[in-house]
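The values are calculated or read from the model by the stated rules, or taken from the named source; none is laboratory data. A quick note: this is a predicted structure, and the numbers were derived from the prediction, not measured. Glycine also receives a Cβ, built like all others from the backbone with ideal geometry; neighbour counts cover every protein chain displayed.
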Amino acid sequence: MASSEAPHESTAPKIFHCRLIPPRPDFAFTMTEDERALMGQHADYLREKLREGIMIMAGPVADPAGPWGLLILRAGSEAEARAVTDGDPVARSGRGFRYEILPMLSVIM
């Protein structure tokens with residue numbers, strides 16, 4: 001059956017894979033006390049995003065090239081996902097952390 005309505009993009013939230021790249025490959029093993037405190041702020045921020053229903057899951061990934069952080073977000077757009085990662089205390093710290101954000105093409109949940 002054909003529809004006369006124009007196709008439109010879904011307004012359903014999208015899922016984003018966010019990779020937190022630390023300032024150095026051995027960061028997880030060589031954190032200073034200040035960096036450890038910053039990571040505590042990072043964890044508190046992510047717990048709040050979990051309570052808000054924006055974050056689905058997060059945690060460190062044991063990559064042989066060096067651990068990095070995985071953050072899976074539910075957001076309406078990449079710009080919304082970027083606002084979440086930009087608000088993360090580690091991203092705002094100026095200490096060399098950065099996020100890569102990739103939209104998931106499909107998700108089984």
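Computed values, structure above
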quantity	calculated
Conditions (1) modelled with pLDDT of 95 or more; (2) in contact with a Lys or Arg (Cβ under 9 Å, 6 or more places away or on another chain): number failed by G66	(1)
Residues located in region 92-105, provided they are touching a residue at least 24 places away in the same chain (Cβ under 8 Å) and on the phi < 0 side of the Ramachandran plot	S93, R95, F97, R98, Y99, E100, I101, L102, P103, M104
